[in-house]
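Shown next, in structure tokens, is the structure this report addresses.
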Amino acid sequence: MQPGDPSDVIDIGDADMDGLLRFDGLIVGAPTWNTGSDEMRSMTDWDDKLDSIRELSLKGKPVAVFGLGDSCGYGDYFWDAIEELHDAFESAGGKMIGYVSPEGYDFTDSKSVRDGRFLGLPLDATNEDDLTEDRVKAWTKQLASEGMIAQK
């Protein structure tokens, strides 16, 4: 699948990495499955694309990351895969936006917390599903205020 409409949802396994350059901004997400690992933390097609992402030239294109995790069952590794995505897109020149305060989250540790903030939006549908809708609404407003292009 190639990017076309700016609101396209593209499965990363089907994505042409150079095709991502056609978008004005990117919102990307992944789960954390390979807990405790130093790499390949999502156990998805993202793991095979990270090197290709680093080779892109995003030139300040806004990129926001969200992730899915289980803060209680895997509280020591909550949302770790998102650090990998964040760092890959940042090394490609992406303007990383959408950082979130860890206040209100129940977890022990996460590689995705840097300088006191999550590197994007963590979501926990297992334990905090009742908070997801409000978190997503607040985050999308934040993304618009930080330069993510809003589509009509």
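Here is how the numbers come out for the structure above:
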| item | result |
| --- | --- |
| Which listed residue is among the basic types (Lys, Arg) and touching a helix residue (DSSP H, G or I) at 6+ places or on another chain (Cβ under 6 Å), from LYS95, LYS137, LYS111 | LYS111 |
| Subset of the range 76-132 (residues that are of a type in the set (Gly, Ala, Ser) and over 16 Å from the mean Cα position of the chain (by Cα)) | GLY104, GLY116 |
| The one condition in (1) hydroxyl-bearing (Ser, Thr, Tyr); (2) open to solvent by less than 60 Å² (accessible area, probe 1.4 Å); (3) at pLDDT 85 or above that SER110 fails to fulfil | (3) |
| Count of residues meeting criterion [of a type outside the set (Gly, Ala, Ser), modelled with pLDDT of 75 or more and part of a loop (DSSP other than H, G, I, E, B)] in the range 71-93 | 1 |
| Residues of the range 113-152 satisfying the condition of being open to solvent by 30 Å² or more (accessible area, probe 1.4 Å), in a loop (DSSP other than H, G, I, E, B) and either in contact (Cβ under 8 Å) with a residue 12 or more places away in the chain or charged (D, E, K, R) (or both) | ASP115, GLY116, ALA125, THR126, ASN127, GLU146, GLY147, ILE149, GLN151, LYS152 |
| Residue list for the range 23-53, filter: at pLDDT 75 or above and within 18 Å of SER112 (Cα to Cα) | ILE27, VAL28, GLY29, ALA30, PRO31, TRP46, ASP47, LEU50 |
| Selection count where residues are open to solvent by 50 Å² or more (accessible area, probe 1.4 Å), touching a strand residue (DSSP E or B) at 6+ places or on another chain (Cβ under 9 Å) and not in a loop (DSSP other than H, G, I, E, B), scope the range 42-70 | 2 |
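The values are calculated or read from the model by the stated rules, or taken from the named source; none is laboratory data. Being a predicted model, the structure only gives us computed values, none of them experimental. Virtual Cβ from ideal backbone geometry, glycine too; neighbours counted across all protein chains shown. Accessible surface is based on the protein model in full, side chains and every heavy atom, while ligands, DNA and RNA are left aside. Shrake-Rupley method; radii C 1.70, N 1.55, O 1.52, S 1.80 Å.
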